[in-house]
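Structure record follows, encoded as structure tokens.
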Amino acid sequence: MHEWSIAEGIIDSVLSFASEKNVKEIKEIMVAVGEISQLDIGIIDEAIKLLSKGTVLENTVIHYKVEPAVFTCRKCGSEWSFTSMKEQLENEVDVKIKDTGGEEDLPLHYLPGLIYIYMQCPSCGSRDFEIKSGFGVKISKIVAVVDK
């Protein structure tokens, strides 16, 4: 469950921001989660709540937004979504990783950068494409009370 390490990264980033800006309380944060990573937001949320006890994040309202993944082919200009290719990837990728609960995940769940190995343009077959959105985890908004 690498969602816990991602939660730790989110907490570390927000606490660093809070320290730099002399923040007394974090009211709200918005976390954008890229679709490619296929992260379990429930696990991330649980981890953040447990790991933030005793910090300025303890009573923070956390919002999550899954950012849809969109790709553009550099060769033919075609654009497609991860959703449109996910079933094909699940059927074609013969390497699966079992999590601690015994469920199988695509390797993309652990290494989203592998998308360049497993995916190709559905129109021309090129592997030269750009990820326009839906990659990574970002803190897109922080609402804080600053101590003056």
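Just so it is clear, none of the values below were taken in a lab; they were calculated from the coordinates. Everything numeric here is computed off the predicted structure, so don't read it as measured data. Please note: Cβ atoms are built from the backbone with ideal geometry, for glycine as well, and neighbour counts cover all protein chains shown.
Structure above, values below:
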| read-out | value |
| --- | --- |
| Residues being β-branched (Val, Ile, Thr) and exposed (fewer than 11 other Cβ atoms within 10 Å of the Cβ) - total across region 92-148 | 3 |
| Any hit, region 70-77, residues being closer than 17 Å to Ile142 by Cβ and over 18 Å from the mean Cα position of the chain (by Cα) | no |
| Every pair of residues 6+ apart whose Cβ atoms lie under 7 Å, when the first sits in region 5-30 and is over 17 Å from Lys65 (Cβ atoms) while the second is among the aliphatic types (A, V, I, L, M) and part of a helix (DSSP H, G or I) | Glu8/Leu51; Ile11/Ile48; Ile11/Leu51; Ile26/Val14; Ile26/Ala18 |
| Index of the failed condition, Ser81 passing every other in (1) within 26 Å of Trp4 (Cβ to Cβ); (2) touching a Gly at 6+ places or on another chain (Cβ under 9 Å) | (1) |
| Residue within region 39-51 that is touching a residue at least 24 places away in the same chain (Cβ under 8 Å), outside any strand (DSSP E or B), of a type in the set (Gly, Ala, Ser) and out of contact with any strand residue (DSSP E or B) (no Cβ under 9 Å at 6 or more places or on another chain) present | yes |
| Unique match (being assigned to a helix (DSSP H, G or I) and of a type in the set (Asp, Glu)) among Glu28, Glu8 | Glu8 |
